[in-house]
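The values are calculated or read from the model by the stated rules, or taken from the named source; none is laboratory data. Not measured: the values here are computed from a predicted model. Here the Cβ positions follow ideal geometry from the backbone for every residue, glycine too, while neighbour counts run over all protein chains shown.
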């Protein structure tokens, strides 16, 4: 039982509805089996997002859902609000997304039509970016920025990856070199690359597959950024797949069937995406299995950083 969930159920007129915890990462997410059907209740981690950021996320998801994208949409409470505070915890309720995640991290991809799946994923990402460009955010809209400063500035959004305590001396030098090289490169190209609202976390667990339909969940880290960063995020978990080149071509082909995309900087964004995870985990070293996970993340970031820098010489 969870006292906050129990109190929140009453605010959404779902008193006594059964529920269970389904995710506990940055936020706690519960599936609530209401009389009208299942919904997702989120208990937001204190201090992670400001009120304005959370309300902006809800406005954004509502707009994407109205535009026809398969995403969770806010469910208003009995008093008409999209978010409530219960015992100091911000709570919201979202429509339930049917289907199952595309896959799990560090597990082989299992799908009967892998090329068709990634073609559809590319098209769905392009639709999402189109919807974001067509939407005018409200005046109060506030979300983070995965821009040059957010990726390689002095205080990146997910931490100073080049200072991770899990790095060797050589890794530290390599990551600092990549950081400075990336800063120069982004300075030169940022004005020419597609930039706007992005999901920023399109990993397998956040891509829901329901038959032939695809949906996106977990907009918690979404904000402004390079559209190529979304592409890199979706591709990165699949680098070890034996048919990765075909999967990449399918995703890019699907995207380009609806929207222009300059992929000349894709190797750079793959390296940057890999480095963000090193910074993220460095701030969560108390998690179970963090040592082994960090070793994998550093190794992947090392390979991608070195590969990118080799092309610059």
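A few remarks follow.
- Here residue 88 does not qualify as more than 30 Å from residue 283 (Cα to Cα) and without any contact (Cβ under 8 Å) to a residue 60 or more places away in the chain.
- Sole exception among (1) in a loop (DSSP other than H, G, I, E, B); (2) in contact with a strand residue (DSSP E or B) (Cβ under 7 Å, 6 or more places away or on another chain) for residue 197, by number: (1)
- When residues of the range 61-90 are limited to those that are part of a helix (DSSP H, G or I) and touching a helix residue (DSSP H, G or I) at 6+ places or on another chain (Cβ under 8 Å), the one surrounded by the most Cβ atoms within 10 Å (Cβ to Cβ): 64
- Which numbered condition residue 225 fails, given (1) part of a loop (DSSP other than H, G, I, E, B); (2) in contact (Cβ under 8 Å) with a residue 60 or more places away in the chain; (3) within 26 Å of residue 92 (Cα to Cα): (1)
- Of residues in the range 30-49 being surrounded by fewer than 19 Cβ atoms within 10 Å (Cβ to Cβ) and within 18 Å of the chain's Cα centre (by Cα), the one nearest to residue 90 (Cα to Cα): 45
- Residue among 271, 200 that is at positive phi and within 20 Å of the chain's Cα centre (by Cα): 200
- Set side by side, the residues 281, 266 differ, and just one is within 22 Å of residue 206 (Cα to Cα), touching a residue at least 60 places away in the same chain (Cβ under 8 Å), within 18 Å of the chain's Cα centre (by Cα) and in the same structural domain as residue 189 (by TED's automatic domain parsing), which is 281.
- All conditions but one from (1) touching a helix residue (DSSP H, G or I) at 6+ places or on another chain (Cβ under 7 Å); (2) modelled with pLDDT of 95 or more; (3) under 16 Å from residue 178 (Cα atoms) apply to residue 303; the one that does not is (1).
- Test: residue in the range 130-151 that is buried (at least 19 other Cβ atoms within 10 Å of the Cβ), out of contact with any strand residue (DSSP E or B) (no Cβ under 8 Å at 6 or more places or on another chain) and closer than 20 Å to residue 235 by Cα: yes
- Residues of the range 104-122 that are at negative phi and part of a loop (DSSP other than H, G, I, E, B): 104, 105, 107, 108, 109, 110, 111, 112, 113.
- Scanning the range 11-28 for residues that are out of contact with any strand residue (DSSP E or B) (no Cβ under 7 Å at 6 or more places or on another chain) and within 16 Å of residue 95 (Cα to Cα) turns up just one, 13.
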